[in-house]
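Shown next, in C-alpha cells, is the structure this report addresses.
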Amino acid sequence: MSERTVYEYAIVRVVPRVEREEFVNVGVALYCRKQRYAHVKIHIDASKCIALDPAIDLDLIHRHLESFVKICAGEKGAGKIAELDQTERFRWLTAKRSTLIQCSVVHPGLCYSAEETHRELFDKLVL
C-alpha cells in the first residue's frame, strides 16, 4: 500500500469477575474498511486470568473467544452476526457490554498495512 488509510481497533479483554472491573488483555480486533480487513488476534495468558479468579473456566473463555474470531472473519456457520457485513460485525463485537469478554473503546489510526499494524498492536498490547 502506498497511502495511509484509516483503521479502527479495540482491545479484547477477559473480565473474570465483572463486579471487580479487573481484566486481562487477550486480543486485538482491527477493522480497516478501505483494505477490507477485519480480524481478531487472540492469546490467553492463563496464569494472569487465574490470578484474577482461581475458579475461572478457561475452556469457556477459549470457546467464546473462538466464536469472536469466527464472527469477525464472517465464517459460515458462525451464526447470524457473522453474516453481517464487516462494518456491522466489527461494531457488534466492539459494542459496550458487561460480560466475561469485553472490548475497550474503539481507537482510530492511520496505517499502510492493516495486517502489519494489527500484528504490531497485538505484540505491544497483548503479548
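Of the numbered conditions (1) under 14 Å from the mean Cα position of the chain (by Cα); (2) free of Cβ contacts under 8 Å to residues at least 24 places away in the same chain, Val14 fails exactly one; give the number of that condition. Tallying (1) under 14 Å from the mean Cα position of the chain (by Cα); (2) free of Cβ contacts under 8 Å to residues at least 24 places away in the same chain, Val14 fails exactly one: (2). When Ser47, Ser98, Ser67 are checked against the criterion of being out of contact with any strand residue (DSSP E or B) (no Cβ under 9 Å at 6 or more places or on another chain), within 26 Å of Ala114 (Cα to Cα) and of a type in the set (Ser, Thr, Tyr), Ser67 stands alone in meeting it.
Of all residues in segment 89-119, those satisfying the criterion of being assigned to a helix (DSSP H, G or I) and either in contact (Cβ under 8 Å) with a residue 24 or more places away in the chain or surrounded by 13 or more Cβ atoms within 10 Å (Cβ to Cβ) (or both) are Arg89, Phe90, Arg91, Trp92, Leu93, Ala114, Glu115, Thr117, His118, Arg119. Among residues of segment 6-46 being acidic (Asp, Glu) and in contact with a helix residue (DSSP H, G or I) (Cβ under 9 Å, 6 or more places away or on another chain), the one that is surrounded by the fewest Cβ atoms within 10 Å (Cβ to Cβ) is Glu22.
Yes/no per residue for (1) closer than 13 Å to Val14 by Cβ; (2) aromatic (Phe, Trp, Tyr):
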{"position": "Ala29", "(1), (2)": "no, no"}
{"position": "His62", "(1), (2)": "yes, no"}
{"position": "Leu65", "(1), (2)": "yes, no"}
{"position": "Phe68", "(1), (2)": "yes, yes"}
{"position": "Ala73", "(1), (2)": "no, no"}
{"position": "Lys80", "(1), (2)": "no, no"}
{"position": "Glu88", "(1), (2)": "no, no"}
{"position": "Gln102", "(1), (2)": "yes, no"}
{"position": "Leu110", "(1), (2)": "no, no"}
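Strands (runs of 3 or more DSSP E) fully within segment 3-79 that include at least 3 residues being at pLDDT 95 or above and over 19 Å from Leu127 (Cβ atoms): 5-14. Here Arg97 meets the list (1) under 16 Å from the mean Cα position of the chain (by Cα); (2) at pLDDT 95 or above almost entirely, failing just condition (2).
The values are calculated or read from the model by the stated rules, or taken from the named source; none is laboratory data. Keep in mind that this is a model prediction, so the values were computed, not measured. Cβ: placed from backbone, ideal geometry, glycine included. Neighbour counts: every protein chain shown.
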